[in-house]
């Protein structure tokens with residue numbers, strides 16, 4: 001993972017670039033690095049496109065979606081009854097330790113504790129999510 005982050009940092013714009021352009025470039029670097037990290041950490045079970053097969057529910061449009069609501073997926077009772085909306089804060093907590101965040105969940109994975117890695121994966125998930133930003137709040 002460190003190699004992906006190092007490669008992403010090499011893509012940053014040269015000194016003197018307009019701040020708006022530099023910000024756009026940095027956001028795209030975060031998304032690209034997030035996609036690489038997603039592919040390394042999440043893709044073995046979750047597709048990023050609902051047209052692709054996956055073991056778990058696809059994560060396209062996950063940001064802003066109510067937990068346990070992707071059609072035709074057999075969620076745990078705990079997740080279906082949680083009332084959680086997948087905000088960036090909820091997704092961060094899930095990535096870090098989903099079993100502690102949602103006791104009774106069916107999903108098992110090794111936690112992603114590095115906040116920078118979480119930031120990049122969140123940037124990617126947000127880039128593949130169409131949502132009403134007013135419904136999403138960061139804790």
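Okay, here's what the table says:
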{"read-out": "Verdict on residue 117 being part of a loop (DSSP other than H, G, I, E, B), at pLDDT 95 or above, under 30 Å from residue 25 (Cβ atoms) and in contact with a helix residue (DSSP H, G or I) (Cβ under 9 Å, 6 or more places away or on another chain)", "value": "no"}
{"read-out": "Every residue from the stretch 51-74 that is exposed (fewer than 13 other Cβ atoms within 10 Å of the Cβ) and within 15 Å of the chain's Cα centre (by Cα)", "value": "66"}
{"read-out": "Residue within the stretch 35-50 that is surrounded by fewer than 17 Cβ atoms within 10 Å (Cβ to Cβ), assigned to a helix (DSSP H, G or I), modelled with pLDDT under 95 and more than 13 Å from the chain's Cα centre (by Cα) present", "value": "no"}
{"read-out": "Subset of the stretch 75-97 that is part of a helix (DSSP H, G or I) and crowded, with 18+ Cβ neighbours inside 10 Å - its residue that is farthest from the chain's Cα centre (by Cα)", "value": "79"}
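The values are calculated or read from the model by the stated rules, or taken from the named source; none is laboratory data. All of these numbers come straight from a predicted model, not from anything done at the bench. Every residue, glycine among them, receives a Cβ derived from its backbone with ideal geometry; neighbour counts consider all protein chains shown.
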